[in-house]
1. Sum -39500 (n - 2.57) across every DSSP H segment of at least 4 residues in the chain, then divide by the residue count to get the 222 nm mean residue ellipticity, nearest 500.
2. Amide H neighbours of Ala265 under 5 Å, counting only residues 5+ apart in sequence or on other chains, H built in-plane at 1.01 Å?
3. Please report, in cubic angstrom per residue, the volume enclosed by the convex hull of the alpha-carbon atoms of the chain.
4. Place +1 on the Cβ of every Lys and Arg and -1 on the Cβ of every Asp and Glu in the chain, take the dipole about the Cα centre, and give the residue among Thr82, Ala219, Leu12 whose Cα lies farthest towards its positive end.
5. Taking the alpha-carbon centroid of each part, what is the distance from segment 218-296 to segment 67-98 in angstrom?
6. Within a Cβ distance under 10 Å of Gly157, other residues only, what is the Lys/Arg minus Asp/Glu net charge?
7. Sort Lys135, Lys2, Lys78, Lys152 so that the residue with the fewest other Cβ atoms within 10 Å of its own Cβ comes first and the one with the most comes last.
8. Karplus couplings for segment 279-286 from phi (6.51 cos²θ - 1.76 cosθ + 1.60, θ = phi - 60°), rounded to Hz, Gly and Pro as x?
Amino acid sequence: MKILLGSRGSRLALWQANWAAERLRAAGHSVAIEVIQTSGDRLTHVPLTSSGTKGLFIKEIEEAVLEGRIHAAVHSLKDLPTDLPAGLMIAAVPDREDPRDALISRNRLTLGQLPAGARVGTGSLRRQSQLRALKGGLQIIPFRGNVDTRLKKLDRGDYDALVLAAAGLYRLGYGSRIAQHFLESEICPAVGQGALAIEVREDDRETQNVVSELDSIAAHQAVRAERAVLRALGGGCQLPLAAHGTVEDGRLRLRAVIAAPDGSAVLRAAAIGAPSDAEGVGARAAEDLLRQGASALL
């Protein structure tokens with residue numbers, strides 16, 4: 001059987017698709033990649049916070065899976081809404097890359113070293129809100145574009161610093177440019193950050209069996225808990241919501257954060273439970289946030 005994987009055409013998306021393809025080939029499978037342009041790739045000048053982002057970077061790829069034009073899709077898991085289209089499922093979550101957010105700045109300054117009024121670029125409400133809570137007086141500038149485009153804008157002086165996912169920077173060979181990794185207690189990562197999702201049709205058992213060879217049980221359980229928090233609080237990937245789970249010593253530990261967009265309030269919750277009860281752990285963290293007043297911030 002020849003497996004056809006679908007991917008966006010950005011350099012990072014293709015890196016991820018090729019990473020999956022190489023591992024499937026190493027297991028003896030024949031694999032090809034089909035590039036599919038998405039709505040998010042076309043709407044390059046619209047801020048994410050105002051573009052109705054649910055499914056923006058995946059809709060056309062999911063349609064190709066449902067129609068049988070490709071066998072599976074390789075996504076950045078944080079792009080996947082919590083409610084998948086009928087007939088689709090996540091068949092594998094491979095080993096996770098570094099889930100933290102990272103600061104890249106001119107002259108390698110850390111956040112604490114940036115001057116008042118420094119221009120910091122990020123397209124994420126989650127990052128904006130937690131950044132403002134960490135350091136006042138920043139000029140947060142929303143932006144779009146792939147990692148290479150964002151770094152070029154930094155280098156030409158459009159920004160003083162950027163906040164990006166460490167995973168993408170490492171995957172594209174830019175790890176040496178990171179000036180600071182943010183602790184989970186400083187900027188909690190996005191749901192699914194650093195993880196990939198391999199999405200297939202529910203009725204395609206053959207493809208499920210093939211791609212399941214890429215699955216990391218621990219990573220899959222952790223992101224199931226994170227996605228349960230997101231599902232309970234609205235499901236949109238542009239909420240100022242963060243959640244990060246880990247499986248260690250047979251226990252699933254989850255932290256979740258909601259912050260006011262201006263950084264004036266930050267709510268934090270934690271839950272621990274059995275990895276097999278990932279959704280339950282996520283639901284308890286969400287309930288804790290709601291008890292603290294999360295609805296007002298959302």
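Every read-out reported here was derived from the displayed coordinates using simple, explicitly stated rules and does not represent laboratory data. A quick note: this is a predicted structure, and the numbers were derived from the prediction, not measured. Heads up, the Cβs are rebuilt from the backbone with ideal geometry, glycines too, and the neighbour counts pull from every protein chain shown.
1. Helices in the chain give a 222 nm mean residue ellipticity of -9000 deg cm²/dmol.
2. Ala260
3. Numbers: hull volume 37.3 nm³, N = 298.
Hull volume normalised by residue count: 125 Å³.
4. Leu12
5. 20 Å
6. On the way: positive: Arg106, Arg119, Lys153, Arg156; negative: Asp155, Asp158, Asp160.
My count for the surroundings of Gly157 gives +1.
7. Details: Lys135 15, Lys2 8, Lys78 25, Lys152 12.
Neighbour counts put them in this order, fewest first: Lys2, Lys152, Lys135, Lys78.
8. Running phi through 6.51 cos²θ - 1.76 cosθ + 1.60 with θ = phi - 60° gives 5, x, 4, x, 5, 5, 5, 5 Hz.
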